[in-house]
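Here the structure is laid out as structure tokens; the discussion comes afterwards.
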Amino acid sequence: MNLRRSNKSSCQGSVLIIVLWVSMGLVATALYFAHSMVLELKAADNNVASLEADQAIEGAALYVSNILATRANMMMIPTPSLFHADGVKVGNATFWLIGRDTNDLQTSPQGDQPIWGLVDEASRVNINTATAAMLLNLPQMTQNTAAAMFDWASTNAQASNDGAKSDTYSALNPPYLCKGSNYESPEELRMVYGLNMDFLYGEDANLNGIMDPNENDGMILPPYDNQNGVLDPGLLEYVTVWSKEPTMGTNGSPRISVTDSNGLSSLMSSNFPSLPAITGTYTNVLQLYVNSGLSESQFQQIEPFLMNPTLTGLININTATATALSCIPGIGTTLAPQVLAYRQSNPPQTPSITWIKNVVTDPTALAEIGSYITPYSWQFTADIAAVGHANRGYRRVRFVFDCSSGTPLIVYRQDLTNLGWALGKKLHDKLLANN
């Protein structure tokens with residue numbers, strides 16, 4: 001009898017243990033699926049935030065297009081004081097326009113936040129029109145690299161001195177041919193012999209124009225930098241392929257080339273009938289001003305109706321960086337600091353090139369400078385970064401707008417999300433604290 005009771009108790013104990021193990025398995029399974037559902041919920045929430053950021057970027061692009069289309073003066077550059085460029089709400093999302101202050105590129109260590117606004121493409125050097133000698137004044141440039149950059153777009157079959165053509169590229173692994181036609185975007189420079197990512201990006205790994213913490217930490221985190229507290233932007237900061245002026249004025253009438261003597265005479269007589277007529281032809285607008293005898297204010301009345309014979313690749317003297325100024329023949333590295341200093345002390349009130357005569361007095365240099373400069377800008381970059389609700393779903397897209405036809409058109413679009421956070425440490429910490 002006792003044996004039976006013992007066997008029965010043992011059996012009941014075994015069943016209890018099995019039930020407990022099954023219960024634990026069911027609980028573990030339930031917890032596992034619950035945790036999976038939480039992760040799925042978070043993933044779905046992050047995906048919604050990303051979609052919100054994407055839509056905010058599309059809305060921001062339309063906003064910028066409207067800003068450019070409704071400028072009071074189509075030849076004036078829109079400044080951030082005239083529109084919203086940072087922390088703009090679009091539903092649950094927020095966007096920022098990452099710009100540049102070309103008068104003073106930020107070089108402080110671990111910059112707090114970028115400059116907000118648009119980027120003027122005419123403030124940069126156009127690699128489709130610049131000569132090898134002009135390219136040589138870009139930072140860290142060598143004779144061979146400048147020549148190779150020039151040869152990539154040149155239609156000449158033979159390489160220039162120190163340059164590279166298809167015979168050089170054919171020896172690479174994998175081999176390819178030299179293009180022999182215009183660059184389609186600055187990023188195409190990655191194909192040029194002698195250029196690499198370090199040269200193109202420099203220390204500015206996310207291309208936001210400021211020094212982020214990882215860009216001033218030496219060898220700890222990429223990119224590798226010299227930890228000197230000064231941001232060294234790469235080549236992409238200073239070059240463009242978009243700068244080009246229209247032949248039509250904002251009033252719908254054709255602009256008058258300085259090589260058109262009849263047109264110049266008619267323009268002068270209609271605006272200044274009491275002054276002597278302008279005779280002859282000129283190589284550029286600045287040369288015309290120097291020889292016209294007109295005052296700055298008088299010349300600025302007719303300046304919008306004039307144009308250089310060459311309209312592609314002109315550098316906006318009112319917005320160009322010191323680096324871009326140094327690439328202009330007649331200014332170079334010697335006069336570029338003086339030109340920039342004068343412009344900073346005497347900000348142009350209207351878009352004009354006349355003020356350059358107050359800095360450069362040599363007539364020969366002025367005649368040379370005039371063939372490469374303009375006071376106008378027609379192409380702008382909107383570098384748009386956005387986050388969705390709860391400051392999640394970061395996205396970043398760069399748009400290039402061309403206004404030369406009268407209507408802003410998007411001519412280039414590039415997703416830069418993969419470059420990482422570009423809104424600065426200060427804003428990052430603020431958004432994280434509010435999350």
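The values are calculated or read from the model by the stated rules, or taken from the named source; none is laboratory data. Values in this document were obtained by computation on a predicted structure and should not be read as measured data. All Cβ positions, even for glycine, are placed from backbone atoms using ideal geometry, and neighbour counts span all protein chains on display. The accessibility values were calculated without ligands, DNA or RNA, using every heavy atom of the protein model including side chains. Shrake-Rupley method; radii C 1.70, N 1.55, O 1.52, S 1.80 Å.
Would you indicate which of (1) 23.1; (2) 25.1; (3) 25.8 is the value of Kirkwood radius over Cα pairs in Å derived from the coordinates of this structure?
So the calculated entry is the one marked (2).
What number, in percent, do you get for the relative contact order of segment 304-435 if the mean sequence gap of Cα pairs under 8 Å and at least 6 apart is divided by its residue count?
18 percent.
Averaged over every viewing direction, what's the projected area of the C-alpha convex hull for segment 82-190? Give it in nm², one decimal, please.
Reported value for the Cα convex hull: 10.8 nm².
Normalised radius of gyration for segment 33-76, please: alpha carbon Rg relative to 2.2 N^0.38 Å, two decimal places.
Taking N as the residue count of segment 33-76, the ratio is 2.05.
Could you state the angle between the C-alpha long axis of helix 2-69 and the longest principal axis of the C-alpha atoms of the chain, as a value from 0 to 90 degrees rounded to the nearest 10?
Value to nearest ten degrees: 10.
Can you sort Met248, Met219, Met141 by solvent-accessible area, 1.4 Å probe, largest first?
Met219, Met248, Met141
Given Pro223, Met197, Thr247, which one lies farthest toward the positive end of the charge dipole of segment 197-248, if we put +1 on the Cβ of every Lys and Arg and -1 on the Cβ of every Asp and Glu?
Thr247
With the other protein chains left in place, how much accessible area per residue, in square angstrom, belongs to the chain at a 1.4 angstrom probe?
Solvent-accessible surface per residue comes out at 49 Å².
Place a +1 charge on the Cβ of each Lys and Arg in segment 367-415 and a -1 charge on the Cβ of each Asp and Glu, then give the dipole magnitude about the Cα centre in debye, rounded to the nearest 20.
It comes to approximately 380 debye.
Using only alpha carbons, build the gyration tensor for segment 179-312 and give me the equivalent ellipsoid semi-axes, biggest first, whole Å.
Each semi-axis is √(5λ); the values are 47, 18, 12 Å.
Over the chain, what relative contact order in percent results from Cα pairs under 8 Å that are six or more residues apart?
It rounds to 23 percent for the chain.
Ignoring ligands, DNA and RNA, how do Tyr224, Tyr193, Tyr342 rank by accessible area with a 1.4 Å probe, largest first?
The residues order as Tyr224, Tyr193, Tyr342, largest area first.
Lys/Arg Cβ at +1, Asp/Glu Cβ at -1, dipole of the chain taken about the Cα centre: which of Gly180, Thr281, Pro337 is farthest positive-ward?
About the Cα centre, the residue reaching furthest to the positive side is Gly180.
When all protein chains stay in place, what accessible area (Å², nearest 10, 1.4 Å probe) is found for Arg392?
Accessible area, nearest 10 Å²: 90 Å².
Report, in degrees rounded to the nearest 10, the 0 to 90 angle that the Cα long axis of helix 332-345 makes with the longest principal axis of the chain.
Tilt of helix 332-345: around 80 degrees.
Cα centroids of segment 287-342 and segment 213-250: how far apart, whole angstrom?
24
Please give the solvent-accessible surface of Met76 in Å², to the nearest 10, using a probe radius of 1.4 Å with every protein chain present.
70
At a Cα cut-off below 30 Å, give the lysines reachable from Lys426, other chains included and same-chain residues fewer than 8 away excluded.
Answer for Lys426, where 30 Å is the Cα cut-off: Lys42, Lys89, listed by chain and number.
How do Asp167, Asp260 rank by accessible surface area computed with a 1.4 Å probe, from largest to smallest?
Reading off the accessible areas and sorting them downward yields Asp167, Asp260.
May I ask you to give the percent of accessible area on the chain that is carbon plus sulfur, with a probe radius of 1.4 Å?
56
What does the charge dipole of segment 155-202 about its Cα centre add up to, to the nearest 20 debye, if the Cβ of each Lys and Arg holds +1 and the Cβ of each Asp and Glu holds -1?
That gives a dipole near 120 debye.
With only alpha-carbon pairs counted, each pair once and no self-pairs, how large is the Kirkwood hydrodynamic radius of segment 185-250 in angstroms?
Its Kirkwood hydrodynamic radius stands at 13.4 Å.
Which value, in Å² and to the nearest 10, is the accessible area of Leu41 when all protein chains are kept and the probe is 1.4 Å?
Spelled out: Leu41, probe radius 1.4 Å, area about 120 Å².
So what does log10 I(q)/I(0) come out to for segment 333-399 at q = 0.14, 0.18, 0.20, 0.22 Å⁻¹, using the Debye formula with one equal point on every Cα and no solvent?
So the normalised log intensities are -0.61, -0.77, -0.87, -0.99.
For Asp162 and Leu62, what does the FRET efficiency come to when R0 = 60 Å and r is the distance between their Cβ atoms, rounded to the nearest 0.05?
Step by step, r from the Cβ atoms, then E = 0.80.
Once amide H atoms are placed 1.01 Å from N in the peptide plane, what residues at a sequence separation of 5 or more from Ile256, or on another chain, have their amide H within under 5 Å of its amide H?
Correct list: Leu306, Met307.
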